[in-house]
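The values are calculated or read from the model by the stated rules, or taken from the named source; none is laboratory data. Bear in mind that the values here come from a model prediction, so they are computed numbers and not experimental data. Please note: Cβ atoms are built from the backbone with ideal geometry, for glycine as well, and neighbour counts cover all protein chains shown. Ligands, DNA and RNA are excluded from the accessible area calculation, which covers all protein heavy atoms including side chains. Shrake-Rupley method; radii C 1.70, N 1.55, O 1.52, S 1.80 Å.
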Amino acid sequence: MKHESLRDLATRRGLWIGCAVEPAQLHDDPACREIVTREFNCITAENCMKFDALQPERGVFTFDVADRLLDFAAEHGMAVRGHTLVWHNALPAWLKERPLGRAEALDLLQQHIETVVTHFKGRLPWWDVVNEVIDDGFPGYRLKHNLWYRAIGEDYLELAFRWAHAADPASLLFYNDYDLQSGEQKFGRTLEMIRMLQARHAPLHGLGFQFHTMPPDAPSQEAFLARLQRVRDDLGLVAHLTEIDINLSAALDPGELEQQAEVYRSILAAAMASGNCPVFITWGVCDKYTWVRRFTEGRRDHPLLFDKNYQAKPAYYALCDLLRSQAG
Ligand code: XIL
């Protein structure tokens, strides 16, 4: 029997299965490009839609790289997730040169969001509007004192959602963060922030679970299903899995690939059972290009569905088997 790709199986099941990718990986690496188009029906720009990439100089917007990514996606019938409008990282040097006053910061943020969202209008069904703003080093709920918070105060958050919504009313708008998949603390603080935004009627439609973790820290399928149900029942939001990587040791001990496969399988099983999580995106195409090695100073590795030689891993087959058993 012909092997059906992950993409075929997911599409048939009404799911979006994707990966983060850099345009250069698509243009310069045919093996990588082949995996992306064969196995995924959506992509996220790993870096090329971040603030510093789109507005490297004040008032000068550069869309050509991101536009090429969108053209590629359109040519191959893939959806694109916008990532990200508000983040404390990937800010251009000019923005950080001196402290900003409130009026100036409001102008800059509004101009950035309006220009970017308008440019991509109608082409991005989902936007990570705000990324990683909860201060998890603080005992209790608090927003990170990032550049926007310092200059504007906490209302920058609801304004960001309003500006994005006004520029493209059809795009679903997300709050996206890490460490939401298990443990109560970060998730609870995130609920608190989202309730604050909802009380102010900010146009927020979804919660993005980045899901950077390791097998021993991953939630059980039941626990994660319960969490996805809370997103719907307590907040009335849809959930997306936005940046999955399941890190293993750099040395790759025996059994780790199978543990990883089971984590991937159980996340997708929970997402499907919840009926509230139609998007499942891994943070990279294959282990050759993962950000994890650099981020963890080489202590962790092998987080994705394809290895450094572009070969499918047990996790890939586990997802295919699950989808096949459910695809009807
Ligand atoms: C990472 C990219 O993968 C790296 O290439 C870049 O150097 C730093 O950013 N959370 C996010 C992503 O929301 O944007 C980050 O991406 C990974 C963590």
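Tell me the relative contact order for the chain as a rounded percent, counting alpha carbon contacts under 8 Å between residues six or more apart. Don't jump to the answer; show the numbers that get you there.
On the way: 596 pairs, mean separation 55.6, N = 328.
Once divided by the residue count of the chain, the mean separation gives 17 percent.
Averaged across orientations, what area in nm² does the convex hull of the alpha carbons in the chain project?
16.7
Think of the stretch 288-328 as a dipole: +1 on every Lys or Arg Cβ, -1 on every Asp or Glu Cβ, centred on the Cα centre; then among F295, A312, S325, F295 lies furthest on the positive end. Only helices enter this figure: runs of n ≥ 4 DSSP H residues, each worth -39500 (n - 2.57), summed and divided by the residues of the chain, yield -13000 deg cm²/dmol at 222 nm to the nearest 500.
Taking amide H as placed 1.01 Å from N in the peptide plane, the amide H of K50 sits under 5 Å from that of T84, each at least 5 places away or on another chain.
Using 0.36 nm times the number of residues separating K308 and H201, minus their current alpha carbon distance, what extension gain do you get? Could you put the intermediate results ahead of the total?
Numbers: separation 107, 0.36 × 107 = 38.52 nm, distance 4.54 nm.
Fully extending the segment from K308 to H201 adds 34.0 nm.
Applied to the stretch 21-29, the Karplus parametrisation 6.51 cos²θ - 1.76 cosθ + 1.60 on θ = phi - 60° returns per-residue 3J(HN,Hα) values of 8, 9, x, 4, 5, 6, 7, 9, 10 Hz, with x for Gly and Pro. As a test, work out the antiparallel percent of DSSP beta bridges whose residues both lie in the chain, rounded to the nearest 5. Antiparallel bridges make up about 15 percent of those DSSP assigns within the chain. Across the stretch 91-102, rounded Karplus estimates of 3J(HN,Hα) from the backbone phi angles (6.51 cos²θ - 1.76 cosθ + 1.60, θ = phi - 60°) give 9, x, 4, 4, 6, 9, 4, 8, x, 9, x, 4 Hz, Gly and Pro being marked x.
Can you work out the accessible area per residue across the chain, with the rest of the protein chains kept in place, probe 1.4 Å, in square angstrom? Walk me through the intermediate numbers first.
Numbers: 13110 Å² over 328 residues.
Here the per-residue accessible area is 40 Å².
On a C-alpha basis, how far is the centre of the stretch 133-207 from the centre of the stretch 50-120 in Å? Whole number, if you could? What the calculation gives is 18 Å, centre to centre. When the charge dipole of the stretch 184-223 is built from unit charges on Cβ atoms (+1 for Lys and Arg, -1 for Asp and Glu) and taken about the Cα centre, the candidate among L191, Q210, A223 whose Cα reaches farthest toward its positive end is L191.
In this structure, the amide hydrogen of L143, modeled 1.01 Å from its nitrogen in the peptide plane, lies closer than 5 angstrom to those of D135, counting only residues at least 5 positions away or on a different chain. For L173, the shell of other residues with beta-carbons less than 12 Å away shows a net charge of -1, using +1 for Lys and Arg and -1 for Asp and Glu. 3J(HN,Hα) along the stretch 54-66, derived from phi through the Karplus expression 6.51 cos²θ - 1.76 cosθ + 1.60 where θ = phi - 60°, amounts to 8, 9, x, 10, 4, x, 10, 9, 10, 9, 4, 5, 5 Hz, with x in place of Gly and Pro. Rolling a 1.4 angstrom probe over the stretch 227-284 with all protein chains present gives an accessible area of which 50% lies on carbon and sulfur atoms.
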